[in-house]
Amino acid sequence: MQILENISLKPYNTFGIDAKADRMVIVEPGDDLCSQLPLADGQPYIILGGGSDMLFTTDYHGTVLKLSPEDPDGPSADGVMLRTWGGMVMDDLVQWSLDNGLYGMENLSAIPGTVGAAAVQNVGAYGVEAKDIIESVEVFDIQLRKQMQFTNAECGFAYRDSLFKHTVGRYLVLWVTFRLQSRFVANLSYKALEGLPHTTADELRRSITDLRWQKLPRPEEYGSAGSFFKNPVVDEPTYMRLKAEFPDMPDAHAVGGQYKLSAGWLIDRAGWKGRTQGGAGVWPKNALVLYNTGNCTGSEVTALSKAIQDDIAARFGVALIPEAIIV
Ligand code: EPU
């Protein structure tokens with residue numbers, strides 16, 4: 001375990017916001033958290049994954065808990081079960097799985113963030129969500145000071161949601177076990193994948209990585225958090241009203257009698273693509289992505305996000321909810 005005092009969070013959030021934390025505790029595999037975790041009762045703390053879904057609007061006067069990125073032993077596979085340290089970078093795990101003849105993660109290529117955060121957020125892309133391949137999640141329960149395990153069903157997974165998002169700060173995700181396949185079968189169910197090279201899993205991974213980077217800022221150039229908003233889910237009358245008024249709106253995905261709209265399309269249609277406000281901007285190639293044009297503050301991002309939310313509510317009668325967690 002490492003303890004760092006008065007630390008800049010700039011390298012630890014993909015938006016590149018220069019907020020500070022009083023203290024950062026970096027947890028390593030094998031740490032005895034029951035006796036070692038330096039958190040006194042009532043002391044404020046937050047858990048940070050890869051920082052790709054967290055927006056800091058102010059300095060953090062408390063402890064930031066983070067898993068070290070390294071597990072010296074690496075992931076361990078038992079048949080198609082793959083157990084991985086939560087601090088590992090998710091995209092590195094996708095590569096590891098393919099290198100070791102395990103398939104089913106390739107559609108999640110190039111998603112930023114850690115394995116633990118992938119479970120918390122139930123990340124998803126191109127027809128696969130983390131919940132489709134997670135078998136179980138091992139956590140440290142900070143409240144009860146004990147390690148425990150949740151099965152997939154107990155994790156309460158839903159679209160970009162899980163039990164862990166409703167119990168913020170309680171569970172530190174330490175290990176995630178995935179159930180994969182020993183044979184590669186390309187999952188091309190997502191429309192945008194039509195026609196992409198996919199003969200091998202590596203080829204599909206490359207195709208998906210290229211496709212993602214066409215729509216997202218390169219992290220070395222501009223900070224962002226990927227999709228800033230969730231796709232809004234609306235009832236049938238709302239969907240029918242919008243479809244009648246905006247026939248060019250993409251067809252929604254039906255989910256249990258409700259309809260998942262494309263937030264990117266709504267924001268784009270409202271004319272926000274490429275616009276900037278203060279140091280924050282709407283990515284010119286994807287209106288769902290807000291980015292840091294230079295040295296922007298978290299408050300500039302939230303001001304832009306609020307302006308977009310108000311405009312989308314006024315134009316379409318639809319509420320946009322950020323996917324990113326705002327601190
Ligand atoms: N669209 C526009 N203009 C835009 C952006 C999108 O018209 O500026 C339209 C597209 O043409 C398409 C529709 O909106 O008809 C949907 O776009 P896309 O296929 O890019 O997917 P998305 O719904 O915008 C979601 C995830 C992404 C994930 C992609 C691919 C959410 C919030 N986002 O985006 O996830 O990569 O699907 O599966 O669910 C993330 O969560 O950070 C993320 C990048």
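Restricting ASP202, ASP210, ASP248, ASP311 to residues that are of a type in the set (Asp, Glu) and more than 16 Å from the ligand (Cβ to nearest atom) narrows the list to ASP202. A single entry from ALA225, ALA244, ALA192 fulfils the requirement of being assigned to a helix (DSSP H, G or I), touching a residue at least 60 places away in the same chain (Cβ under 8 Å) and of a type in the set (Gly, Ala, Ser): ALA192. Cβ-Cβ distances below 7 Å connect the following pairs, each with a first residue in the stretch 117-133 that is touching a residue at least 24 places away in the same chain (Cβ under 8 Å), a second residue that is part of a strand (DSSP E or B) and within 8 Å of the ligand (Cβ to nearest atom), and a separation of six or more residues or different chains: ALA130/GLY124.
Selection of the stretch 247-267 for residues being open to solvent by 80 Å² or more (accessible area, probe 1.4 Å) and in a loop (DSSP other than H, G, I, E, B) yields PRO247, ASP248, ASP251, GLY256.
Of the residues in the stretch 245-254, at least one is closer than 22 Å to ASN107 by Cβ and charged (D, E, K, R).
Please determine, by comparing only the residues of the stretch 305-327 that are under 20 Å from LYS10 (Cα atoms) and among the β-branched types (Val, Ile, Thr), which one is nearest to the chain's Cα centre (by Cα). Among those residues, the one meeting the criterion is ILE325. How about the stretch 102-121: which of its residues are more than 10 Å from the ligand (Cβ to nearest atom) and under 20 Å from LEU174 (Cβ atoms)? The answer is MET105, THR114, VAL115, GLY116, ALA117, ALA118, ALA119, VAL120.
I'm trying to understand the selection: among the residues of the stretch 187-199, which are more than 14 Å from the ligand (Cβ to nearest atom) and surrounded by fewer than 18 Cβ atoms within 10 Å (Cβ to Cβ)?
Here is the first cut: in the stretch 187-199, the residues more than 14 Å from the ligand (Cβ to nearest atom) are 195, 197-199.
Within the stretch 187-199, GLY195, PRO197, THR199 qualify.
Tally time: how many residues in the stretch 69-95 are over 13 Å from PHE178 (Cα atoms) and open to solvent by 10 Å² or more (accessible area, probe 1.4 Å)?
11
One residue stands out among those in the stretch 270-304 that are in contact (Cβ under 8 Å) with a residue 24 or more places away in the chain, within 11 Å of the ligand (Cβ to nearest atom) and surrounded by fewer than 19 Cβ atoms within 10 Å (Cβ to Cβ): the one that is farthest from the chain's Cα centre (by Cα), which is ALA270. Across the stretch 117-162, what is the number of residues that are over 23 Å from ASN187 (Cα atoms), part of a loop (DSSP other than H, G, I, E, B) and of a type in the set (A, V, I, L, M, F, W, C)? Residues that pass the stated criteria total 2. Looking at the stretch 1-110, the strands (runs of 3 or more DSSP E) lying wholly inside it that each contain 1 or more residues that are among the hydroxyl-bearing types (Ser, Thr, Tyr) and at pLDDT 90 or above sit at 2-8, 45-48, 60-67, 76-78, 81-85. Flag: TRP213 matches the condition of being out of contact with any Gly (no Cβ under 6 Å at 6 or more places or on another chain), closer than 23 Å to LEU93 by Cβ and of a type in the set (Phe, Trp, Tyr).
The values are calculated or read from the model by the stated rules, or taken from the named source; none is laboratory data. A quick note: this is a predicted structure, and the numbers were derived from the prediction, not measured. Because the Cβ atoms are built from the backbone with ideal geometry, glycine has one as well, and the counts that use them run over all protein chains shown. Each accessible area value is taken on the protein alone, full model and side chains, heavy atoms only, with ligands, DNA and RNA left out. Shrake-Rupley method; radii C 1.70, N 1.55, O 1.52, S 1.80 Å.
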